[in-house]
Amino acid sequence: QTRVQYSIFRDRRSQLSLGKERLGTSPSSKAAPSKAQKEDSNAMVRSGEAPCPSKIQLSDGTGESENVTNLSLEGQQYSEAGTFLVMEIKLDRPLVPKRLREELVQRVKELIPPRPALAPRTEGAKKVVEDYHKRVTSVAVAILREYRELFGKQLLDQGVMDHETMEEQKRQLNYELNTSGKYFAFKEQLKYSVVKIVREKYLKTTAFETKEQLQAFLSELYVYLVDHMHMALNKLLSGEDVSAAPPPNTTRKQLLLFAREAEANKDLKLASLFYNQRIARDQRSIQAWLDYGAFCLLYEDATKAQECFQQAVCLDPQHIQSLLLCGIVCVKLQTYEEAEIFFEDACCLEPSSIIAWTLAGLFYELQNNYIQAERSFREAKKLLRAELEEERRILEAAEAEGKKPSSPSTGPGNLQAKQVHSDFQSSTSQDGQPAGECSSLSHITAPCTFLFFLLRCQLLKGPQGSPLVVWTCFGSRNKNPTLGLTETHFLAAPEPQPPPRTIFMKSVEFLMKFNAVRFVHKALAHELLSLQGGPTCAYYLALGWTYQLREDLPRWEECLREAVRIEPLNPNVWAQKGHLCYLQKDFDKAKDCYERVISFEEDAADMHFVYLRLGSIYLDEKEYGRAKHIYLLACDNSASCLTWLGVGIACYRLEEMLEAEDALSEANALNNTNAEVWGYLALICLQGGRQLEAEQCYKYTVKV
């Protein structure tokens, strides 16, 4: 590993020969060991270590060799005992030169130069009105310039003018503008912005049927244009800005949710729009740049992803996640020298980061630099051991103080089992027979009662073959009238085994968040090799995620089958299984999986999409009451345009027009570019006889 081509003992031949003569030929050494030898031997025995084998072969540069034989009694004793020697070596300087922190910072600055701030983006009717204001201001400045050229000297001589003089100057100015052609030029400048206002603001693109309609529209348009002309002129002449625009209806968190929804629906253009709006809302938000970069990295636009990650580094050169992501995207672009700088800078900046050392090790392994990879992995494992030891120490301290920590026996699954067990005890009589409907079977003997109970039970197999007893209530299963979920009670459930905490699974969580698929595969390969008891549920979920991105549904299904076998009570497993069935168009199985997820006490990680897809299944099956309830749960969990749209559609089908309009108005406030929202608003306006509003909604539907 040090690339040294000869033995380090070559230069010590004379000293070793001298030691041989002193130990092997001296009579005194055979009789009794010296004081120094005793001290050396005691030190080796205390450390549980011993010298090398009795024969050592040395070679010099010419191939010469000699045998050094230790014939002392002490050496034979150590050899017979099977002891060994471990030498601890401390170097004055590292074998592999390490870059200084200052050098790494300078290299990162060279790779990512500072960039100017981006201009804010505005679109739609707001942009058209702003353009109209700019045109009015430009024309007003030009007219003032013409006025000063014509009457500038008269203003200085006359001072205050009377009304007649002002009218005369106005007449002369109009004559000058008309004869010179400037009036026509000014009108053409305003014409385009007025046409855009008619199209974008009033959505008027067809001819009028009657002159009365035309006159009414022109009157309304004239008032609107004059009002905004006055606003622009007041702003120009007073030097003061008009009232600020109202705050946006959506937050950055909601925009991220909208983008994720568009991704799930494969509407990548809309998702990109939401990501850009989120950045425009706050251009100094590092997380906004990272999220958009992760989106670009997933859909094969690595160059744009690199720009996003580098912008995040520009905002904070010491942000570890940004540096790591810059390294990951450099690997994708095959600029490996730059990638090494980013990974090394992250490890140098935060030496206690397990993820940074692990990703650096994965990178060095890609480069076949196994020495550096081994070093990085060893450092990450050492940090993880220290972290686990600290957690154990805190746990022991809490136990010593009398605070009983949470144990597996108090988990949700066991609490549920205990509750059902008490319910079962309360539902039976004192002699052990079921109460209520089955109390009429009191004449049955105890063995028959037990046999009857077994016939009404279902014995399932849990992980590692442990029995999972599911007791179904006597009679028809009880149905929740709102959700339609079967109430099934778990008498006993296998305790979920805590997943092994490794450096690779901690890194996988980070990599999945930012769509670094190649590094996820490398980390999962190491995880599979490092596990003692076989793959875990988390491993299969992460591997299934990679197949999901590749739309390899059969392999994704295999991973989920193994995950269900390992942890049948994990809501995330059933949520992913529901998504798989939904994409396979098997909506009955998808509905069963989603209903199972909702019945769990603990929520899945992506409950938002569970609600959306389960609600859409209910709408397709014309179960509008259940769909309304599910979409309301989604609105309570994380409201979006799609959740309120679902509520509006369900209410419309239930002929609850007021509630439907309220829900659709909420959806429109969150996103006014959804054509389906405008379409249902048009239908509601038609139901209420509001013809004009229905026409406006219909035109917005066609427009967007």
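Treating each Cα of segment 240-334 as one equal point scatterer and applying the Debye formula with no solvent, the log10 of I(q)/I(0) at q = 0.10, 0.19, 0.25 Å⁻¹ comes out as -0.30, -0.88, -1.25.
Using 0.36 nm times the number of residues separating Leu529 and Ala125, minus their current alpha carbon distance, what extension gain do you get?
Numbers: separation 404, 0.36 × 404 = 145.44 nm, distance 5.86 nm.
Full extension of this stretch gives 139.6 nm more.
Going by accessible surface with a 1.4 Å probe and the largest first, Phe504, Phe84 read Phe84, Phe504. Taken along the Cα-to-beta-carbon direction at a fixed 7 Å, the label points for Leu268 and Arg501 span 3.9 nm.
Cα centroids of segment 601-631 and segment 268-330: how far apart, whole angstrom? Segment 601-631 and segment 268-330 have Cα centres separated by 32 Å.
Taking the alpha carbon gyration tensor of segment 223-381, what are the square roots of 5 times its eigenvalues, largest first, to the nearest whole Å?
On the way: eigenvalues 388, 62, 34 Å².
Calculated on Cα positions only, the semi-axes equal 44, 18, 13 Å.
In nm, to one decimal, how far is the modelled label at Asn276 from the one at Phe84, with both set 7 Å along Cα→Cβ? Here the modelled spin labels are 6.4 nm apart.
When only Cα pairs under 8 Å and 6 or more residues apart are kept, what is the percent relative contact order across segment 622-703? Spell out each step's value before the answer.
Working: 93 pairs, mean separation 18.0, N = 82.
Result for segment 622-703 is 22 percent.
The candidates Ser530, Ser285, arranged from most to least accessible area with a 1.4 Å probe in the full protein assembly, appear as Ser530, Ser285. Counting only protein chain heavy atoms and rolling a 1.4 Å probe, the accessible areas of Asp592, Asp586 rank, largest first, as Asp592, Asp586.
Computed with a 1.4 Å probe over protein heavy atoms only, the accessible surface of segment 622-703 comes to 50 Å² per residue.
Can you give the Rg/Rh ratio of segment 296-379, where Rg is from the C-alpha atoms and Rh is the Kirkwood radius? Walk me through the numbers before you get to the answer.
Details: Rg = 12.3 Å, Rh = 12.7 Å.
That ratio equals 0.97.
What is the distance, in nm, between label points placed 7 Å from the Cα along the Cα-to-Cβ direction at Lys134 and at Glu300? Label at Lys134, label at Glu300, 3.7 nm between them. Rolling a 1.4 Å probe over the heavy atoms of the protein chains gives segment 267-393 an accessible area of 44 Å² per residue. Split the accessible area of segment 267-393 by element, probe 1.4 Å, and carbon with sulfur accounts for 47%. The fraction of accessible area contributed by carbon and sulfur in segment 622-703 is 51 percent, rounded to a whole number (1.4 Å probe; ligands and nucleic acids excluded). The ratio of the alpha-carbon radius of gyration of segment 622-703 to the globular-protein estimate 2.2 N^0.38 Å is 1.03. Mean separation of Cα pairs under 8 Å and 6 or more residues apart, divided by the residue count, gives segment 267-393 a relative contact order of 14 percent.
The values are calculated or read from the model by the stated rules, or taken from the named source; none is laboratory data. Worth saying up front: this structure is predicted, and the values here are computed from it rather than measured. All Cβ positions, even for glycine, are placed from backbone atoms using ideal geometry, and neighbour counts span all protein chains on display. To get the accessible areas, we keep the full protein, side chains included, count just its heavy atoms, and leave off ligands, DNA and RNA. Shrake-Rupley method; radii C 1.70, N 1.55, O 1.52, S 1.80 Å.
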